[in-house]
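For reference, the structure is listed below as structure tokens.
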Amino acid sequence: MSSLRYTAASIARIVDGEIQDSGNRDQEIRELLIDSRRLTHPDRSMFIALVSDRNDGHRYIPELVERGVRCFLVSSGQWAVGSWQLAVGSNRHPAASVQDPGSSIHDPLFIVVPDTLAALQKLAAHHRQQFTYPVIGITGSNGKTIVKEWLYQLLSPGMDIVRSPKSYNSQIGVPLSVWNMDARNDLAIIEAGISEPGEMERLEQVIKPTVGIFTTIGPAHDVHFKNKAEKVDEKLKLFRDADILIYRSDYPIITERLDASADYRNLNRFTWGSRENDNLKITAIHKEGEHTVIKGICEGEIREITIPFTDDASIENAIHCWALIQLGIPHSSLNRFAGLSPIAMRLELKDAINNCSLINDSYNADINSLGIALDFLARQKQHSKRTVILSDILQTGRSGEELYAEVAGIIGSRKINRIIGIGKEISQFQHRFTMHTEFFPTTEEFLAHFPLSSFRDETILLKGSRVFGFERISQALQQKAHETVLEINLDALVHNLNYFRAKLKPEVQTMAMVKAFSYGSGSFEIANLLQFHQVDCLAVAYADEGVELRKAGITMPIMVMSPEEQSLDTLLAWNLEPEIYSFRILQMLAEAMTRSDLPLHQDVRIHVKLDTGMHRLGFCEPDLEKLSALLKQNPRLNVRSVFSHLAASEDPAQDAFTGEQFTRFLKMSDAVTSRLDYPVKMHILNSAGISRFPEMQLNMVRLGIGLYGIGYNPEEQQKLRNVSRLRTVITQIKKVKQGETVGYNRRGVAEKNTVIAVVPVGYADGLDRRLGNGTGVMFVNGKPAPIMGNVCMDLCMLDITSIVEGGMKVEEGNEVVVFGEDYPVTSLSAILHTIPYEIMTGISRRVKRIYYHE
């Protein structure tokens with residue numbers, strides 16, 4: 001949010017836009033809105049209608065007009081003057097009146113530009129030029145966010161710093177980050193990420209860094225560049241006008257590409273590494289327990305820092321920060337490195353006590369990240385009651401009165417029921433909060449005096465600065481479960497959704513499959529995310545799955561694919577839509593409608609299943625005359641869709657049969673829909689079909705296993721993101737002598753003196769017994785460890801001998817990965833000669849699910 005004064009008219013001049021319609025040109029704009037679902041202050045917001053392959057922001061303008069937004073940045077190729085009036089119609093803002101000459105202040109105003117994204121970047125670039133304080137720009141393949149956050153920890157005690165929220169480093173995220181720059185700041189830290197050529201030049205115009213940090217150069221996004229040199233060249237464009245660039249000399253390609261271009265002739269360089277001519281020469285790295293001491297020479301002086309981490313990535317990130325501080329940043333201190341805290345790169349959603357849900361963001365508290373966390377809280381519909389537990393917001397450089405007035409306003413706009421403030425400063429300003437409040441001076445006081453059992457049937461956001469130790473609150477609130485956990489990456493799932501959406505024609509709708517506990521990922525949490533991202537319809541297997549979603553706040557259409565006689569009354573009561581595949585189920589539904597309490601004028605939506613060759617469920621061609629007659633006889637039955645299943649959409653060898661199925665489906669569906677006097681959706685494509693048969697999209701598709709990160713071939717697999725990660729921990733480590741046996745039936749025999757790790761995951765958790773006796777492996781500290789002996793119900797044993805003999809330290813409590821990013825579920829299913837569906841749906845519900853948002 002900008003504190004500089006911008007009006008609709010001044011923004012139009014900055015972006016070279018044309019103002020259309022009669023709205024208020026003097027309206028002050030403080031907030032830039034790109035997502036209609038995150039509107040909080042319509043009176044001071046400008047909505048930017050961005051256009052992408054998968055969405056068009058112009059679709060949401062009529063809704064936002066009704067909600068009070070009066071300034072819009074639109075694309076000339078996507079928006080027609082007066083369109084909002086046609087869409088809003090009689091629901092136009094009640095204060096507006098055509099006869100009232102003063103009514104124009106209530107009408108919306110449209111700033112029309114050729115490209116709304118380019119205009120957003122141009123506005124942010126203009127805003128950036130209003131400030132003369134230093135701007136640190138960070139890019140690289142890895143470590144950008146960590147370096148940014150650690151610099152904030154190191155420098156903020158003496159400086160007012162604005163920085164990119166979370167990982168806002170994209171073509172959209174960067175301008176939104178720069179928009180937060182303010183005159184009261186002393187320093188800005190902005191990160192920039194790219195994925196293909198041509199992107200960094202646009203970001204450089206927005207950021208205009210005075211100091212640059214190039215963190216690492218790795219394989220990320222290699223597919224979009226000819227070679228590593230081209231990728232480095234693209235990233236270096238961020239620093240064309242910078243005063244100085246910091247980078248590690250052990251990446252010689254950075255030096256080579258700098259030397260190869262005249263653009264960087266005047267760019268000063270500060271290098272660190274092991275070379276004699278480095279500005280900061282690293283002379284020693286000593287890992288001591290949980291700390292690392294790093295020694296170096298700078299300007300002829302021997303210096304050192306101590307960090308509370310021992311992994312190589314953290315050491316590299318810390319030295320980047322050290323190099324920047326060696327430039328003489330005011331108020332910095334090398335002593336602060338010992339107090340660096342881990343950076344929580346994600347928001348986690350977990351089950352909590354008394355049927356609560358817990359959102360854990362307990363390592364960081366600032367204004368920008370508070371807004372992001374509150375947005376995530378607002379998406380959760382499982383409980384109507386929402387509570388925020390918030391600590392003091394530290395080191396802002398602002399007066400407490402001003403700071404907590406803004407915090408109270410942000411929280412108040414999000415419909416929060418209760419706030420629990422922890423900290424002496426926030427407690428001083430409790431009068432600013434208008435909802436139900438409780439305040440405590442310390443975390444210890446809260447834990448000692450607040451009755452945790454009073455939390456019930458609500459969603460709780462835990463948001464605190466590291467020093468308040470909110471992890472103790474998290475541990476106290478979490479529902480107790482054993483140490484095997486399935487992590488679900490919600491951002492990865494959205495990426496996959498958008499990957500398939502980008503393949504669809506604009507008018508084609510999407511039905512998402514959330515049956516079988518969302519392929520093991522968790523029904524409500526996934527359904528809630530899909531509802532937020534405006535999927536058109538959900539599909540479950542049985543009515544009780546649909547009822548569970550309805551109880552949790554899912555309001556979108558839900559198709560039940562296997563309706564049962566005993567569940568039809570429940571299905572009607574909860575507004576679920578049955579798949580009708582036989583005359584028997586159709587007759588039972590008609591009987592249930594007769595005895596239900598539904599009003600006689602209320603339709604019942606159904607989905608008609610046709611058998612086009614798979615020969616599982618569905619009406620066959622000879623049934624269609626009778627079916628059409630029955631549908632005509634019962635006008636309360638509203639056919640929402642007619643559909644069929646392809647038997648082998650992923651198999652090129654069966655494409656001829658797939659074509660026959662599609663031809664048969666068109667003929668059979670026409671026999672049904674032509675007798676109806678209203679439009680009916682038709683769908684036959686599944687995930688593989690969406691990719692392979694674009695000509696068969698019709699007006700709806702069904703997205704299933706692809707949503708969860710499983711592609712139909714290796715090429716598509718590379719474009720999808722892994723969604724699930726099953727992890728556990730080492731419960732016990734023991735030594736087994738040569739000749740001794742391990743596990744039931746003595747199947748695991750130690751061929752030499754062996755070290756085994758016992759982990760708490762077994763076939764009751766969904767670990768297939770066929771993986772025992774060396775067939776399967778798990779990963780300990782990134783190294784494969786074979787499963788030794790039979791898989792037990794609750795446990796299994798791993799042979800970690802080679803890992804230990806290789807010099808790697810393995811301890812009880814270390815994490816063990818069953819499958820995840822580097823060892824996907826497809827690899828596991830290949831070993832078992834089965835399909836990923838079986839692995840994913842087999843993970844039992846006793847395995848705790850943790851949902852996270854990066």
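The values are calculated or read from the model by the stated rules, or taken from the named source; none is laboratory data. This one's a predicted model, so the numbers in the text were calculated from it and none came from an experiment. Positions of Cβ are backbone-derived with ideal geometry, glycine not excepted, and every protein chain shown enters the neighbour counts. To get the accessible areas, we keep the full protein, side chains included, count just its heavy atoms, and leave off ligands, DNA and RNA. Shrake-Rupley method; radii C 1.70, N 1.55, O 1.52, S 1.80 Å.
Just a few scattered comments:
- Computed from the alpha carbon positions, the gyration tensor of the range 634-736 leads to an equivalent ellipsoid with semi-axes of 40, 19, 11 Å, biggest first.
- Solvent exposure, largest accessible area first (probe 1.4 Å, DNA, RNA and ligands not counted), of GLU507, GLU525, GLU445: GLU507, GLU445, GLU525
- ³J(HN,Hα), Karplus 6.51/-1.76/1.60, whole Hz, each residue of the range 336-342, x for Gly, Pro: 6, 4, 5, x, 4, 10, x
- Alpha carbon centroid spacing (whole Å) that separates the range 632-709 from the range 419-481: 51 Å
- Each of ALA629, SER341, LEU358 was placed along the dipole of the chain (beta-carbon charges, centred on the mean Cα), and the one lying farthest toward the positive end is ALA629.
- Total formal charge among the other residues, if their Cβ is under 13 angstrom from that of HIS126, Lys/Arg +1 and Asp/Glu -1: +3
- The alpha-carbon of LYS609 sits under 28 angstrom from the alpha-carbons of these lysines, leaving out residues fewer than 8 places away in its chain: LYS503, LYS505, LYS515, LYS551, LYS626, LYS632, LYS667, LYS681.
- Considering only Cα atoms, the convex hull volume of the range 769-854 works out to 128 Å³ per residue.
- Backbone amide hydrogens, once placed in the peptide plane, bring THR612 within less than 5 Å of HIS645, excluding anything fewer than 5 places away on its chain.
- For the range 696-709, 3J(HN,Hα) per residue [Karplus equation, 6.51 cos²θ - 1.76 cosθ + 1.60, θ = phi - 60°, Hz, x = Gly/Pro]: 9, 5, 6, 10, 7, 10, 10, 9, x, 4, x, 4, 9, x
- Report summary: the helix-based calculation at 222 nm, which adds -39500 (n - 2.57) for every DSSP H run with n ≥ 4 and divides by the residues of the chain, gives -8000 deg cm²/dmol.
- Dipole orientation for the chain: of the candidates GLY659, THR271, GLN129, GLY659 has the Cα lying most toward the positive pole (charges on Cβ; Lys, Arg +1; Asp, Glu -1).
- Exposure rank, largest accessible area first [HIS431, HIS533, HIS601, HIS683; 1.4 Å]: HIS601, HIS431, HIS533, HIS683
- Normalised per residue, the accessible area of the chain is 42 Å², obtained with a 1.4 Å probe and no contribution from ligands, DNA or RNA.
- Taking other residues whose beta carbon is less than 14 angstrom from the beta carbon of GLY762, and scoring Lys, Arg as +1 and Asp, Glu as -1, yields -1.
- Accessible area per residue was computed with a 1.4 Å probe on protein heavy atoms; ASP491 scores about 40 Å².
- For ARG398, the amide hydrogen comes within under 5 Å of no other amide hydrogen, counting only partners 5 or more places away or on other chains and with H modelled in the peptide plane.
- Sparsely packed loop sites in the range 753-845 (the trypsin sites (Lys or Arg not before Pro) outside DSSP H, G, I, E and B with at most 14 other Cβ atoms within 10 Å) comprise LYS809, ARG845.
- Each Lys and Arg Cβ is given +1 and each Asp and Glu Cβ -1; about its Cα centre, the chain then shows a dipole of about 720 debye.
- Within the accessible area of the range 200-314 (1.4 Å probe), percent carbon and sulfur: 44 percent
- Separation between Cα centres of the range 129-152 and the range 359-392, rounded to whole Å: 25 Å
- Average projection area in nm² (convex hull over Cα atoms of the chain, one quarter of hull surface): 41.3 nm²
- Angstrom value of the Kirkwood radius, inverse mean 1/r, which spans all Cα pairs in the range 119-194: 12.5 Å
- Each of ILE213, ILE253 has its accessible area taken with a 1.4 Å probe; listed largest first, they run ILE253, ILE213.
- For the range 771-845, GluC sites (Glu not before Pro) are listed when DSSP marks them as loop and at most 12 other Cβ atoms sit within 10 Å of their Cβ; the list is GLU811, GLU812.
- Using only side-chain charges placed at the Cβ, +1 for Lys and Arg and -1 for Asp and Glu, the dipole size of the range 426-535 relative to its Cα centre rounds to 400 debye.
- Residues whose placed amide H lies under 5 Å from that of ALA365, excluding near-sequence neighbours: SER465, ARG466
- The Cβ shell under 12 Å around ARG664 holds other residues with a net charge of -3, Lys and Arg each +1, Asp and Glu each -1.
- Our coupling estimate for the range 719-727, obtained by passing each phi through the Karplus curve with A = 6.51, B = -1.76, C = 1.60 and θ = phi - 60°, is 8, 9, 9, 5, 9, 10, 9, 9, 10 Hz, Gly and Pro reported as x.
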